[in-house]
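Below: one structure, written as structure tokens.
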Amino acid sequence: MANDESLATTSPTDEFLKGLWRENPTFVQVLGMCPTLAVTNSATNAIAMGLATTFVLVASNLAVSSIRRFVPKQVRIVTFILLIATFVTVVDYAIQAISLGLHKALGAFIALIVVNCIILGRAEAFASKNGLLRSALDGLGMGVGFTLALLALGGVRELVGRGSLFGVPLLWDGYQGWVVMILPAGGFFTLAALLLFVQWRKRAAKEVTP
Amino acid sequence: MNESLSTIFVNACLINNFVLAWFLGICPFLGVSGKLDTAVRMGAAVTFVLVVTSLSAFGIQALLTAIGAPYLSLISFIAVIAATVQLVEMFIKKFSPALFRALGIFLPLISTNCAILGLALIQTNKGYGLVQGLVFALGAGAGFTLALVLMAGVRERLDFAKVPDVVRGTALTLAVAGLLSVAFMGFAGLGA
């Protein structure tokens, strides 16, 4: 509980904002790579995945935070995973009810939110040590940061690969999409390029304020 | 359902390689692929967990269908996987403390390796039987090990290469993974 005091110095809004850029789960912590790469072949899929993950993050953070005083230390990881699995099952059935097409497009990756390291990571590193409000804000911030990262990846891949965004053609007629961007290899390349950009920005920022 | 066993194996190992085509198990792929030696052993550990998971997933699914509670499958799968990983961890700690240290945090993290849960889910979705599931798990394990070993080989060489400072780290690793993925796309024609 030593962390309670050290973290209490940050304001609740900061708890939310840190997930967007400073501790962005995808670009800075490089967590949750599997869904990041797999479902970002279109902007729509990326948003859906991001929202589903955000819901699970907030719900699991809230649940973990509220039971944090009653769970014995030895069994906490198992408890967290089972909680997360419950929420993911809810999301899985909800998406199936809302849009069957989307459920097909995301495939096994909705169920695989269970093993997204971001969620267990936040439960263990943050929610198990902080109060309800902070945990919820932290989950929301991380979720939104994750969604934005997915959207950046999905947007670039769909735009270059198909010449469209959210299924709406944007580029000129007769644009030949780069098929490789839609394929798995494109995911690796796009993420590498984006990470490079983030790294370069951080370095530039460091040189300005040494 | 009527895929032959060899097709399932080649499919899981090369054409739909878990890491490079389906993006399952990226975390250990990026994390443990620094050294060739560790990569091989990690591959073996994951393959073992995959096989055990495949068997138990088959049993669980049959049981859950029998009692009419398919919505519990996700939770039961993850519980079984966590238990298996715990077993492997104790086993490795006992017989090879050096390997235990080399794998470090990535050993307990096998339980949150998407490849394992992914295998259980995909196997259930495709309706594979017991033997088919077993072959599928072996193929997936072989494919995972292959990808990990290839990656480790490249990265050992990269350590001595002259690379601009900014690029070093995850970005470079991801770019290499992309090239490997392109190479594996060449196997697409193998599918019958």
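Among the residues of the stretch B:53-81, the ones that are more than 18 Å from A:Thr89 (Cα to Cα) and open to solvent by less than 70 Å² (accessible area, probe 1.4 Å) come to 5 in all. Restricting attention to the stretch B:60-104, the residues that are more than 11 Å from chain A (Cβ to nearest Cβ) and out of contact with any Ser or Thr (no Cβ under 6 Å at 6 or more places or on another chain) total 25. Figure legend. Inter-residue proximity from the stretch B:13-28: first residues at the interface with another protein chain (Cβ under 9 Å from one of its Cβ atoms), second residues in a loop (DSSP other than H, G, I, E, B) and polar (S, T, N, Q), beta-carbon distance below 7 Å, spacing 6+ or different chains. Indicated pairs: B:Trp22/B:Asn16; B:Gly25/B:Asn113; B:Cys27/B:Asn113. When A:Ile110 is tested against (1) within 14 Å of chain B (Cβ to nearest Cβ); (2) out of contact with any His (no Cβ under 8 Å at 6 or more places or on another chain); (3) of a type outside the set (D, E, K, R); (4) closer than 16 Å to A:Val39 by Cα, just one condition goes unmet, and that condition is (2).
What residue, among those in the stretch A:134-186 that are charged (D, E, K, R) and at pLDDT 80 or above, is most open to solvent (accessible area, probe 1.4 Å)? Give the derivation first.
Of all residues in the stretch A:134-186, those charged (D, E, K, R) come to A:134, A:138, A:157-158, A:162, A:173.
Next, from what is left, pick out any that are at pLDDT 80 or above: A:134, A:138, A:157-158, A:162.
Working: A:Arg134: 54, A:Asp138: 0, A:Arg157: 3, A:Glu158: 6, A:Arg162: 126 Å².
For the stretch A:134-186, the residue satisfying everything is A:Arg162.
Of the listed requirements (1) surrounded by 16 or more Cβ atoms within 10 Å (Cβ to Cβ); (2) assigned to a helix (DSSP H, G or I), A:Asn130 misses just one: (2). Condition test on B:Phe91, is it over 28 Å from B:Leu179 (Cβ atoms) and either more than 18 Å from the chain's Cα centre (by Cα) or not in a helix (DSSP H, G or I) (or both)? In short, yes.
Being among the hydrophobic types (A, V, I, L, M, F, W, C), more than 13 Å from every other protein chain (Cβ to nearest Cβ) and surrounded by 24 or more Cβ atoms within 10 Å (Cβ to Cβ) holds for only one residue in B:Phe160, B:Phe136, and it is B:Phe136. Of note, A:Leu195 satisfies the criterion of being open to solvent by less than 60 Å² (accessible area, probe 1.4 Å), of a type outside the set (Asp, Glu), in contact (Cβ under 8 Å) with a residue 24 or more places away in the chain and within 30 Å of A:Thr10 (Cα to Cα). Pairs meeting the criteria (first residue in the stretch A:115-127 and touching a residue at least 60 places away in the same chain (Cβ under 8 Å), second residue outside any helix (DSSP H, G or I) and hydrophobic (A, V, I, L, M, F, W, C), beta carbons under 7 Å, at least 6 apart or on different chains) are A:Cys117/A:Leu31; A:Ile118/A:Leu31; A:Gly121/A:Leu31.
The values are calculated or read from the model by the stated rules, or taken from the named source; none is laboratory data. What you see is a predicted model; the values in this text were computed from it and never measured. Reconstructed Cβ throughout: ideal geometry from the backbone, glycine too, with neighbour counts over all protein chains shown. Ligands, DNA and RNA are stripped out before the accessible areas are found, and what is left, the full protein with its side chains, is counted by its heavy atoms. Shrake-Rupley method; radii C 1.70, N 1.55, O 1.52, S 1.80 Å.
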